[in-house]
Every structure is written in C-alpha cells, then in structure tokens.
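A.B. asks: Would you mind keeping the following structure in view while I ask a few things?
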Amino acid sequence: MSTRRTFVAGATVAAAAPAARRTEPLALNQGRPAVSLPPDRHAALTKWPRFAAADQQAVLDLLENNRYYQEIPLLEQEEKQFLGVPFVKAHCNGTSALMSMFFALDLPPGSEILVPSYTASATIAPMRFFGLVPVFVDADPRTCCFDLHHARKVITPQTRAMVPQHAWGLPCDLDEMTAFCRERGLILCEDAAQSHGATLQGKPTGAWGAMGIFSYQTSKVLPAIEGGLGMYQKQEYFERAAAFGDYTLPATFPAGSPYRQYHDTGFGPKFRIHPLAAALARRQLAKHPATIQLVNRQVRQLNDRLLQLPGLSEQRRRKDMERVHWASNILFFDQAKAGFSKEALLKALQAEGVLAAAASYPEQHRFTLYREARWWHHAPRIPDVLPGCAEVNRKAIRLPLFTSEAPELIEQYAAAFEKVWAHRAELAKLS
Ligand SMILES: Cc1ncc(COP(=O)(O)O)c(C=O)c1O
C-alpha cells in the first residue's frame, strides 16, 4: 500500500529519472526491458568461479610433475602469511574443517555452544558427533550476522564457546564478541566460510578467534571447487585438529607433543585437501585482494545509485570493516517505505532483465535434524521464533555480483531499478 509519505519520496526519484525512462512502460507491461545486454554476455559478466588460463595451467603442471602433496604445505604457508596466524590446516572442505575444530575443542559432552541459526548446516550439525549442544542465536536484522544481544540472553553456566558466522561476507562485531567471550570465559570460534579476505580493524575474519574455518567450495569468495581451511591460535588446537583428519601428521609433531603417539591411526577420518584443489586455492589466494577489489568496487557503484531509492538498504557495515561479498549482492527491501510488495518488485525487475531473486536463507533451528532426540546425545536448545532471522528473510533480495568489468550492465541494472521505482504507483496496485 502506498502512503502519502512514500508517494512524495517516490515522486522525487521519478523526477530525477530521465524523462524517457519515466515514460517508458514497464517490461511487465510490454515495455522495452532496461537490461538489453544479451543473456550470454550477462552470464559471462556474472560468472563464478573464474579460473584463468594460468590457474588451469597450475593444475595441469601439478598433474604432470608428480609432486602432488607438496602443494598442501605450500598453500598452508601462504595462508598463514595472508591471515597473519601461527597455525592452519588445509581440509577437504569447510565442513571437515568444522568437524576438526569441534574435535579440537575437546569439551565434555553436554557443553553448550552458541551458534547462529542463520547459517549453513555445517556450522552446527557436526556438533552432534561430539556430544555438544547447539544453542540457537538470532540474527541482527541490520546485518544478517550473529546477534550478540540475543546471545547474552541465552547463555547459561554450561555454555563454553560460540561460533559466529560472517554472513554473506560481512564481518561480525568481532571486537565486541572477543570482549564478551573474555568476560564470560567462552572460547571464540569463527565460521568464516563466507568471508575469506574480509577484515575488522585490519585483522582478517577467521583470525580473531581461538579457532576459525574457511571454505574453498565453488561458490565461495576464494573458490577451489572443494576445500577448506582451519585456523588455530594454539599449537594444542592445531595438533588435535590435524591429527583428527590426517593420520600422517602426528609423526611430524614435536617430540613432546601428546598427539605424536597417534601416528598411523589419527582419530578416524581422513580430511586432507585434494592437492589439485590446493593448487587452485593457491592461485586464487595470489589474486584474492584484486578479485575482492573488483567485485566490491562494482557493488559500490551499483548500490550507491540503488540506495537513493526509498525502501532499499544494504547490510550495515562499520567504518572499520572491509567486507567481501559471497555469492550475491544482498539488499533489504522495506515494503512500507517503497509502497509496493517484494513480490511485485521481483516480478518487475525480472521482466526488466535483472537477475534478482528473494534471498531466503535457511534458519537452522527449524530443521528436523535438530529436533529428533535420536541423533543427539544432548538435545539442542531450540527457540520458538527468532524474529531477526524472520525479518531478514522477509526483506532480503539478491542480485548477482559482477565478476569482471561491467560498467554497461551496472548502468542498465541501475536504470531498471529507477524505472521500476518511477512506476511504483502502478506496482502498488499489483501488490
Ligand atoms: C557458513 C558456512 N559454513 C560452512 C560451510 C561448509 O563449507 P563446505 O561446503 O566447504 O563444506 C558453508 C558452505 O556453504 C557455509 O556457507
């Protein structure tokens, strides 16, 4: 429903739009779509991942030279430098890095861990193997990230750790979380699967906690098709996590290590990264800052235009943060301020040729796995509703990221949005 206030604000935007664009009918109503780039060109400019000829050559060279397993310590050395951390271990994916992290925690069964509901199942589900108890925490609707205020309300004397997740590549308030964990005696573990390369106060996400994990899965900001990394501040955590997933490593630990004796068996799983994935990850890491810069610059160019439109906003970012963007450019759409519905918005944008979609993301606490006692030694603590998660899923929409230079497409996307907003009275009738 359009209110007088939203109508007046909309009139200002409409006045700013070039006359031709304003009078042009919506593509929904047989007008010319604002995005005129052919679909194959559109797909090429938003393609992800992008493996350049040199990346492909690195994989071929490794196949040829037979020194497969040397790739893994090389990747680990480069990641340690990139992140500025003492210990890392490359794993076969982010999920196995999380499994290893929960093993490395070595907490007594029944220990509670504060986890976000707005995350992938891998952040939480592996806890069931170690008798740990997930306690679901809401998302801050302004950021999609772990809501520390809610965490303060659900902590108990059994709580031992927390695992914030940097949603869509936006860092959580890690300084506040570090202080909270120190004050309450919790171990801070980060799920940085979506935020490799993002920083707070110049320090990378995934490097703030006692442990952290990253994913190199295909859609991620540093893709190697499949792969992951664990970060450990203490040798003890590193040795437990490494011994858990790779039986060859305990033999390399220093003589006094309590985990050296587990050479030849490890603790059961085999979780080391595939050397070809390690080769791909090394190539991506070498150009990671440039890739982040390219994607971020183009998101800014587009969003600086779009955020002029009433009802559109983006994840709140503190000035001391450098974010990355995982998979999508996430925007929040406030129907009351815009004066028409999200359904009408998406329909109109899609007709204009914009690759827009609703950004609904799983709320883990709703899934069956966490509700059936047979899968858990100690049942998860599940809330009835998490209003922050619900608000995010009500408001969020996603646009593609421009992964190579796309000035023409950015202009066409901005024009499509401005055209849609110029027709909001019409769209309000559809709502
Ligand atoms: C937040 C989060 N954590 C963990 C994972 C698991 O990573 P992987 O797919 O590499 O196992 C993902 C992957 O989607 C993720 O998004």
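The values are calculated or read from the model by the stated rules, or taken from the named source; none is laboratory data. Model, not experiment: these values are computed from the prediction. Every residue, glycine among them, receives a Cβ derived from its backbone with ideal geometry; neighbour counts consider all protein chains shown.
A.B. asks: Checking Leu74 against (1) closer than 24 Å to Asp173 by Cβ; (2) among the hydrophobic types (A, V, I, L, M, F, W, C); (3) surrounded by fewer than 18 Cβ atoms within 10 Å (Cβ to Cβ): exactly one of these is not met. Which one?
C.D. replies: (1)
A.B. asks: Identify the single condition in (1) at pLDDT below 95; (2) within 23 Å of the chain's Cα centre (by Cα) that Asn66 does not satisfy, given that it satisfies every other one.
C.D. replies: (2)
A.B. asks: Does Lys89 meet the test of being touching a strand residue (DSSP E or B) at 6+ places or on another chain (Cβ under 7 Å) and free of Cβ contacts under 8 Å to residues at least 24 places away in the same chain?
C.D. replies: On the way: touching a strand residue (DSSP E or B) at 6+ places or on another chain (Cβ under 7 Å): yes; free of Cβ contacts under 8 Å to residues at least 24 places away in the same chain: no.
Criteria not met by Lys89.
A.B. asks: Here is a further query. Quick check: anything in region 91-113 over 19 Å from Gly245 (Cβ atoms), within 16 Å of the ligand (Cβ to nearest atom) and crowded, with 20+ Cβ neighbours inside 10 Å? It would help to see each step written out before you state the result.
C.D. replies: Looking only at region 91-113, we keep the residues that are over 19 Å from Gly245 (Cβ atoms), and these are 108-113.
Cutting the leftovers down to within 16 Å of the ligand (Cβ to nearest atom) gives us 113.
Filter once more, so that each one left must be crowded, with 20+ Cβ neighbours inside 10 Å: 113.
Among the residues of region 91-113, at least one is over 19 Å from Gly245 (Cβ atoms), within 16 Å of the ligand (Cβ to nearest atom) and crowded, with 20+ Cβ neighbours inside 10 Å, which makes the answer yes.
A.B. asks: Same structure, new question: Looking at region 143-160, which of its residues are assigned to a strand (DSSP E or B) and either surrounded by 24 or more Cβ atoms within 10 Å (Cβ to Cβ) or in contact with an Asp or Glu (Cβ under 6 Å, 6 or more places away or on another chain) (or both)?
C.D. replies: Matches in region 143-160: Phe146, Thr159.
A.B. asks: Which of the residues that make up region 169-197 are more than 23 Å from Ala241 (Cα to Cα), touching a Leu at 6+ places or on another chain (Cβ under 7 Å) and either within 15 Å of the ligand (Cβ to nearest atom) or in a strand (DSSP E or B) (or both)?
C.D. replies: The one that is more than 23 Å from Ala241 (Cα to Cα), touching a Leu at 6+ places or on another chain (Cβ under 7 Å) and either within 15 Å of the ligand (Cβ to nearest atom) or in a strand (DSSP E or B) (or both): Pro171.
A.B. asks: May I pose another question? Just the residues that are of a type outside the set (Lys, Arg), surrounded by fewer than 16 Cβ atoms within 10 Å (Cβ to Cβ) and either over 18 Å from the mean Cα position of the chain (by Cα) or assigned to a loop (DSSP other than H, G, I, E, B) (or both), please, taken from region 268-293.
C.D. replies: To start, the set of residues in region 268-293 that are of a type outside the set (Lys, Arg) comprises 268-269, 271, 273-281, 284-286, 288-293.
Those still in the list that are surrounded by fewer than 16 Cβ atoms within 10 Å (Cβ to Cβ) too: 268, 286, 289-290, 293.
Gly268, Ala286, Ala290, listed by residue number.
A.B. asks: Of all residues being more than 11 Å from the ligand (Cβ to nearest atom) and of a type outside the set (A, V, I, L, M) in region 114-133, which is surrounded by the most Cβ atoms within 10 Å (Cβ to Cβ)? Just the residue, please. Walk me through how you get there before you give the answer.
C.D. replies: Our first condition is that a residue be more than 11 Å from the ligand (Cβ to nearest atom); within region 114-133, this holds for 114, 117, 127-133.
Next, from what is left, pick out any that are of a type outside the set (A, V, I, L, M): 117, 128-131.
Values: Ser117: 28, Arg128: 18, Phe129: 12, Phe130: 17, Gly131: 15.
Among those that are more than 11 Å from the ligand (Cβ to nearest atom) and of a type outside the set (A, V, I, L, M), it is Ser117.
A.B. asks: Shifting gears a bit: Go through (1) farther than 21 Å from Ala120 by Cα; (2) in contact with a helix residue (DSSP H, G or I) (Cβ under 6 Å, 6 or more places away or on another chain); (3) among the charged types (D, E, K, R); (4) outside the structural domain of Glu190 (by TED's automatic domain parsing) and name the single condition Arg317 misses.
C.D. replies: Here Arg317 clears every test but (2).
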